[in-house]
Amino acid sequence: MLLKQIKDLQGLLEVAERKADILTNLLKEAGAEYQQTLEKIQVSEANFRAIFENAPEGIYIIDIASRQILDCNPFIQKWLGYTRADLRTMCLDDILAPGAVNVDENIQTAVREGLVYIQERRFKTKDGSLVDAEVTGTTMDYEGEKRFVALIRDITERKQIEALSRYKELFESVSDAVFINDGQGRFLEVNDVACQRLGYSREQFLERSLRDVTHSESYEVLTEMARQISKGHSYQFELRLVSRRGLSIPFDFQGRLIAYRSQSAFLSVARDMSMRKKLQETLIRTERLSAVGEMASGVAHNFNNLLQMIMAGAEAARTKLANGQIRDGQEAIDNIITASRRAADVVRRIKDFTVLTADGMNAGAVFDLEALVAEAIELTQPLWKPPSAPRKYHLNFLKNGDCHIKGQSSEIYEVLINLIKNALEAMPHGGGLTLGTYVRNDAVVLRIADTGHGIAPEHFQRIFEPFFTTKGTRSSGLGLSSCYGIVKKHHGEIQVESLPGQGTEFVITFPQAQSQAILETEGDGAAAQHASIRFLLIDDEVNILRAVAMYFENTEIEITTAQTARDGLRAIEAHPFDVILCDLSMHDMNGLEVGKWVGDYCRRRGRAKIPFLLYTGLDKQLDAAKLKEAGIDRVVSKPAPCEDLQSIIHEMVASA
């Protein structure tokens with residue numbers, strides 16, 4: 001029995017030993033597997049870190065709840081400009097561009113589905129610039145917790161190329177000239193329309209700046225444009241550019257600041273205003289002629305009065321001289337001369353009013369604004385004082401004296417006519433019109449006020465816009481626009497105040513100019529000291545020749561007259577002359593042809609050019625280039641009093 005128990009125990013021991021051996025072997029195998037797994041994990045971690053650190057794209061890991069950045073690779077650091085330490089103190093929102101949407105939703109999608117598909121995001125770098133990226137996201141265990149990891153692909157350059165491609169298509173499709181300039185005005189890009197309008201190739205543009213193709217008269221506008229740009233404002237200006245052929249072309253510039261190829265630049269769209277300018281000039285000329293038509297009865301009335309004065313003066317002079325009353329006869333002749341001068345002024349004013357000039361201030365002269373207002377009142381008399389109707393308007397003119405300004409008197413005359421007409425039209429049932437001139441702080445002020453219906457508030461801001469009108473087809477809408485342009489061209493300011501139902505007041509200020517007297521001879525004693533002046537007058541009107549010759553008979557001017565151009569040329573070949581005055585419209589040769597012949601003749605003979613004056617009563621504008629080519633030194637408008645002509649002759653001799 002005992003032996004049997006011993007055998008059973010030995011059997012159990014053997015079984016236990018075998019199980020222990022099996023367990024030992026199993027433990028050895030498990031330890032080996034664990035070691036292998038640990039080694040694999042270490043290799044995997046090393047591989048992840050190697051990939052993480054050396055990936056050609058950005059990787060960052062954030063906490064899902066707080067969006068705290070837990071780690072990032074070197075690409076992210078270099079791309080955004082931060083150190084790793086900086087980024088680990090920041091949240092995702094700190095590096096996303098303002099306005100990012102659906103951030104939380106995308107992170108939760110990654111938690112639920114394990115992946116966020118490619119999305120475009122814009123990030124903000126340390127220097128404040130923006131960069132674009134494609135973002136793919138997923139979740140992973142990091143430091144024992146589930147985190148969100150994002151893979152970043154930089155697409156900034158691709159987006160710029162796409163934007164440039166879309167921009168280029170738009171750039172070339174517009175019908176206006178488009179320019180891109182840097183901060184110094186140098187051209188960075190132009191479209192085909194700009195090349196066509198100005199005649200430069202793209203390469204030639206890129207060698208120039210905006211100032212290089214700007215007309216000198218627009219330099220001040222260019223300076224103001226630069227000032228607006230420097231403040232970051234959008235801008236709109238009218239600028240005259242010069243084409244490759246030398247043509248001056250008006251453009252309406254509109255532009256703003258843009259980013260172009262990673263630098264600040266200025267995008268300008270420039271619309272060619274040539275056709276619009278021509279249309280405006282045509283409409284303005286039409287309105288001027290229409291105004292003259294409306295005032296025709298006033299002009300005729302003035303002329304009839306002046307002719308009456310001349311006829312009566314001539315008859316009185318003849319009677320007085322026949323009776324030996326020389327002093328009374330001279331007084332009658334003085335009245336004739338005064339009436340003739342006034343008639344000449346009326347003709348000149350009408351002529352100037354109907355002709356558009358482009359010379360501006362450079363061709364201007366100093367004149368008395370107060371006298372000009374008086375002329376405008378007299379010429380518009382048929383509008384406010386019809387002879388056969390009861391008086392509707394009460395006109396008051398307040399004078400203060402010494403109101404001289406510099407500029408084109410014909411253009412200021414246009415302003416006066418326009419404002420007077422507008423005031424009268426605003427008072428269809430009658431009212432009061434007040435005009436006044438005075439000097440204030442070295443400025444001449446013109447005030448025109450009416451008691452009409454006033455300007456509606458909704459129209460007030462638009463009254464100076466071209467083509468804006470409340471009169472329908474009765475007006476082109478260019479009257480006040482033209483006035484505004486003229487005043488600005490004369491360095492003036494125009495202000496308006498209006499109350500509906502009570503009236504409107506225009507206040508215009510101009511820089512004051514010093515009065516200039518008309519050039520006169522120094523008197524009989526001084527004139528006698530002058531050496532004799534040899535003067536040739538060529539005119540096909542025999543009565544003009546006789547009258548001028550009679551005036552100069554007892555003066556220092558030795559006059560020779562010629563009734564044809566050919567006679568004048570023969571006189572030049574036979575005698576030396578100090579000054580020549582030739583009528584423009586001769587039968588055999590015109591004055592321009594005679595002037596050119598005289599210049600050529602003097603060059604052939606090796607002589608100094610003889611001062612040449614052109615005499616004309618035509619109301620057309622003479623081309624300055626043609627006058628220069630013909631050697632014309634000065635144009636004398638008919639009628640010119642002999643006294644003024646004598647002063648002009650002395651002036652030409654003195655300047656020769």
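The values are calculated or read from the model by the stated rules, or taken from the named source; none is laboratory data. Just so you know, these numbers come straight off a predicted model, no measurement behind them. Cβ sites come from the backbone with ideal geometry, for glycine too, and all protein chains shown count toward neighbours. Ligands, DNA and RNA are stripped out before the accessible areas are found, and what is left, the full protein with its side chains, is counted by its heavy atoms. Shrake-Rupley method; radii C 1.70, N 1.55, O 1.52, S 1.80 Å.
Filter the range 434-454 for residues that are polar (S, T, N, Q), surrounded by 17 or more Cβ atoms within 10 Å (Cβ to Cβ) and part of a loop (DSSP other than H, G, I, E, B) and give the result. It would help to see each step written out before you state the result.
Initial filter on the range 434-454 (polar (S, T, N, Q)): 434, 437, 441, 451.
Restricting the remaining residues to those that are surrounded by 17 or more Cβ atoms within 10 Å (Cβ to Cβ) gives 434, 437, 451.
Scanning the range 434-454 gives a single hit, THR451.
Restricted to the range 577-645, the set of strands (runs of 3 or more DSSP E) holding at least 2 residues that are closer than 21 Å to ASP345 by Cβ comprises 612-616, 634-637.
Looking at ALA97, ALA110, ALA133, can you tell me which residue is touching an Asp or Glu at 6+ places or on another chain (Cβ under 6 Å) and of a type in the set (Gly, Ala, Ser)? Outline the logic, then answer.
Working: ALA97 fails: touching an Asp or Glu at 6+ places or on another chain (Cβ under 6 Å); ALA110 fails: touching an Asp or Glu at 6+ places or on another chain (Cβ under 6 Å).
Within the list ALA97, ALA110, ALA133, the selection yields ALA133.
Being more than 13 Å from TYR60 (Cα to Cα) and in a helix (DSSP H, G or I) is a property that VAL111 has. At pLDDT 85 or above and farther than 18 Å from SER481 by Cβ: is that true of SER248 in this structure? It is true that SER248 is at pLDDT 85 or above and farther than 18 Å from SER481 by Cβ. Only one of the numbered conditions (1) free of Cβ contacts under 8 Å to residues at least 40 places away in the same chain; (2) surrounded by 11 or more Cβ atoms within 10 Å (Cβ to Cβ) is not met by GLU105, and that is (2).
The single condition among (1) open to solvent by less than 20 Å² (accessible area, probe 1.4 Å); (2) more than 25 Å from SER340 (Cβ to Cβ); (3) touching a helix residue (DSSP H, G or I) at 6+ places or on another chain (Cβ under 9 Å) that GLY599 does not satisfy is (3).
Put simply, of PHE552, PHE577 the only residue that is under 21 Å from LEU627 (Cβ atoms) and touching a helix residue (DSSP H, G or I) at 6+ places or on another chain (Cβ under 9 Å) is PHE577. For the range 62-111, residues that are among the β-branched types (Val, Ile, Thr) and farther than 18 Å from GLU134 by Cβ total 5. Take the conditions (1) at pLDDT 80 or above; (2) in a helix (DSSP H, G or I); (3) more than 21 Å from SER482 (Cα to Cα); ILE377 misses just one of them, which is (3).
Is it fair to say ALA363 is under 35 Å from the mean Cα position of the chain (by Cα), surrounded by fewer than 18 Cβ atoms within 10 Å (Cβ to Cβ), modelled with pLDDT of 75 or more and not polar (S, T, N, Q)? No: the conditions fail for ALA363.
The set of residues in the range 559-576 being in contact with a His (Cβ under 9 Å, 6 or more places away or on another chain) and not in a helix (DSSP H, G or I) consists of THR560, THR564.
Listed by first and then second residue, the pairs linking a residue in the range 123-152 that is at positive phi to a residue that is open to solvent by less than 50 Å² (accessible area, probe 1.4 Å), with Cβ atoms under 9 Å apart and 6 or more places separating them unless they lie on different chains, are GLU143/LEU70.
Quickly run through the range 224-250 and pick out the residues that are among the small types (Gly, Ala, Ser) and touching a residue at least 40 places away in the same chain (Cβ under 8 Å).
Let us first name the residues in the range 224-250 that are among the small types (Gly, Ala, Ser), namely 226, 230, 232, 234, 243, 246, 248.
Within the range 224-250, ALA226, SER243 qualify.
The C-beta contact set for the range 74-94 (first residue part of a helix (DSSP H, G or I), second residue surrounded by 13 or more Cβ atoms within 10 Å (Cβ to Cβ) and of a type in the set (S, T, N, Q), distance under 9 angstrom, 6+ apart or interchain) comprises TRP79/THR125; LEU80/THR125; ARG84/ASN73; ARG84/GLN77; ASP86/GLN77; LEU87/GLN77; LEU92/GLN68. Checked against (1) surrounded by 13 or more Cβ atoms within 10 Å (Cβ to Cβ); (2) farther than 19 Å from MET652 by Cβ; (3) not hydrophobic (A, V, I, L, M, F, W, C), THR560 passes all but condition (2).
It is to be established whether one or more residues within the range 113-124 are of a type in the set (Ser, Thr, Tyr) and at pLDDT 90 or above. Within the range 113-124 (the criterion being of a type in the set (Ser, Thr, Tyr) and at pLDDT 90 or above), the answer is no, since none of the residues qualifies.
Working only within the range 398-433, note down all residues that are part of a loop (DSSP other than H, G, I, E, B) and either of a type in the set (Phe, Trp, Tyr) or within 15 Å of LEU372 (Cβ to Cβ) (or both).
Looking only at the range 398-433, we keep the residues that are part of a loop (DSSP other than H, G, I, E, B), and these are 399-403, 408, 426-430.
Of everything in the range 398-433, those that are part of a loop (DSSP other than H, G, I, E, B) and either of a type in the set (Phe, Trp, Tyr) or within 15 Å of LEU372 (Cβ to Cβ) (or both) turn out to be LYS399, ASN400, GLY401, ASP402, CYS403, GLN408.
If you go through the range 616-636 one residue at a time, do you hit one that is over 42 Å from the mean Cα position of the chain (by Cα), open to solvent by 30 Å² or more (accessible area, probe 1.4 Å) and either touching a residue at least 24 places away in the same chain (Cβ under 8 Å) or over 30 Å from ASP334 (Cα atoms) (or both)? The answer is no, given that none of the residues of the range 616-636 is over 42 Å from the mean Cα position of the chain (by Cα), open to solvent by 30 Å² or more (accessible area, probe 1.4 Å) and either touching a residue at least 24 places away in the same chain (Cβ under 8 Å) or over 30 Å from ASP334 (Cα atoms) (or both).
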